[in-house]
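Have a look at the structure below before the remarks.
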Amino acid sequence: MVVEEKVRRSLRGAQGRPDVTTERAAIGGGEAVLFARGLTKVYRMGEVDVVALRGIDVELFRGEFVVLLGASGSGKSTLLNILGGLDVPTSGEVRYCDHDLSAAAESTLTRYRREHVGFVFQFYNLIPSLTARENVALVTDIAEAPIAPEDALSLVGLAERMDHFPSELSGGEQQRVAIARAIAKRPDLVLCDEPTGALDYRTGQIVLEVLSRVNRELGATTAVITHNAPIAQMADRIIEMSDGRIRSVRENAAKLSPADLRW
Ligand SMILES: Nc1ncnc2c1ncn2[C@@H]1O[C@H](COP(=O)(O)OP(=O)(O)OP(=O)(O)O)[C@@H](O)[C@H]1O
Ligand SMILES: [Mg+2]
């Protein structure tokens, strides 16, 4: 496990990050990295208003792993997009640490996304003509204190596949490249919208193991949307949405490892 130890050291060392264990101990009573109050979102479709969020109060705490559940159309992606600065609410307040995102200019949101947020989507959005390493380097080239593409790919278990093109990788491997790309800038937040949605169960488990490992080792606050309720068993907290509202927020006392999940 020489590579892993090297990656771990480079992750911890380069920015003198606070000890991850201490941060994780603060979950629950901890610091809210994201804070939202009274969020609403209305999409205007010609004459018709589609209400996607009907008043959301939510926090994400530093270092935690949250799973977001809810029926199709309940507003999960809309909420995640607003938290990640891809969209703005119609009304309500959303803050990242001390920064107000609800009234931010597009340029501020762009900077917020670039510096602080790593996104992972159902479809991997890799550039087909670039290798795994080059896909990750696209991000690290413009980041301030990135993880080297090689280290990010090692962290997701792809040390041996760095020079492969997306077409030479399986779906699960492509998703791991997408995760390496999302985390290589050392984001404070990793936001994932159905990251296992296109994968079979076993491959999905591997991807969840990678997300769990990244959460542990980088300390990045991680939120994962899924339709597979059993996946929630790996979370610190489980947020359930229905019809544009948060129906429940639960702490998960008996956290399972992804390898023990069945869905
Ligand atoms: N760009 C858009 N324009 C108009 N309506 C939208 C838009 N995006 C989402 N909606 C509507 O807002 C509501 C919430 O959608 P959202 O995509 O957030 O749900 P979701 O919980 O992510 O669903 P799924 O599980 O199917 O991905 C739905 O009624 C949807 O049709
Ligand atoms: Mg969605």
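Return yes when S248 is in contact (Cβ under 8 Å) with a residue 40 or more places away in the chain, touching an Asp or Glu at 6+ places or on another chain (Cβ under 8 Å), hydroxyl-bearing (S, T, Y) and surrounded by fewer than 16 Cβ atoms within 10 Å (Cβ to Cβ) and no when it is not.
Against the criterion (in contact (Cβ under 8 Å) with a residue 40 or more places away in the chain, touching an Asp or Glu at 6+ places or on another chain (Cβ under 8 Å), hydroxyl-bearing (S, T, Y) and surrounded by fewer than 16 Cβ atoms within 10 Å (Cβ to Cβ)), S248 does not qualify.
Would you check if D188 is within 16 Å of ligand 2 (Cβ to nearest atom), touching a residue at least 12 places away in the same chain (Cβ under 8 Å) and touching a Phe, Trp or Tyr at 6+ places or on another chain (Cβ under 9 Å)?
no
Out of everything in segment 81-102 that is at negative phi and buried (at least 21 other Cβ atoms within 10 Å of the Cβ), what residue ends up being farthest from ligand 1 (Cβ to nearest atom)?
If we take residues in segment 81-102 being at negative phi and buried (at least 21 other Cβ atoms within 10 Å of the Cβ), then Y96 is farthest from ligand 1 (Cβ to nearest atom).
Please specify each residue of segment 28-45 satisfying the condition of being loosely packed, with under 13 Cβ neighbours inside 10 Å and aliphatic (A, V, I, L, M).
Matches in segment 28-45: M45 only.
Under the condition of being of a type in the set (G, A, S) and more than 10 Å from ligand 1 (Cβ to nearest atom), which residue from segment 46-80 is surrounded by the fewest Cβ atoms within 10 Å (Cβ to Cβ)?
It comes out as G46.
Take residues that are among the aromatic types (F, W, Y) and within 16 Å of ligand 2 (Cβ to nearest atom) and tell me which of the strands (runs of 3 or more DSSP E) falling wholly in segment 25-76 contain 1 or more.
The strands (runs of 3 or more DSSP E) meeting that bar are 32-45.
Can you give me the number of residues within segment 153-198 that are under 13 Å from the mean Cα position of the chain (by Cα), open to solvent by 20 Å² or more (accessible area, probe 1.4 Å) and small (G, A, S)?
Number satisfying all stated conditions: 0.
Please go through segment 91-131 and pick out each residue that is among the aliphatic types (A, V, I, L, M) and touching a Leu at 6+ places or on another chain (Cβ under 6 Å).
V94, V117
So, in segment 200-241, of the ones that are touching a helix residue (DSSP H, G or I) at 6+ places or on another chain (Cβ under 7 Å) and within 16 Å of ligand 1 (Cβ to nearest atom), which residue ends up farthest from V51 (Cα to Cα)?
Among them, the one singled out is I231.
The values are calculated or read from the model by the stated rules, or taken from the named source; none is laboratory data. What you see is a predicted model; the values in this text were computed from it and never measured. Here Cβ is always computed from backbone atoms with ideal geometry, including for glycine, and neighbour counts include all displayed protein chains. When the accessible area is computed, the model is the full protein with side chains, heavy atoms only, and any ligands, DNA or RNA have been set aside. Shrake-Rupley method; radii C 1.70, N 1.55, O 1.52, S 1.80 Å.
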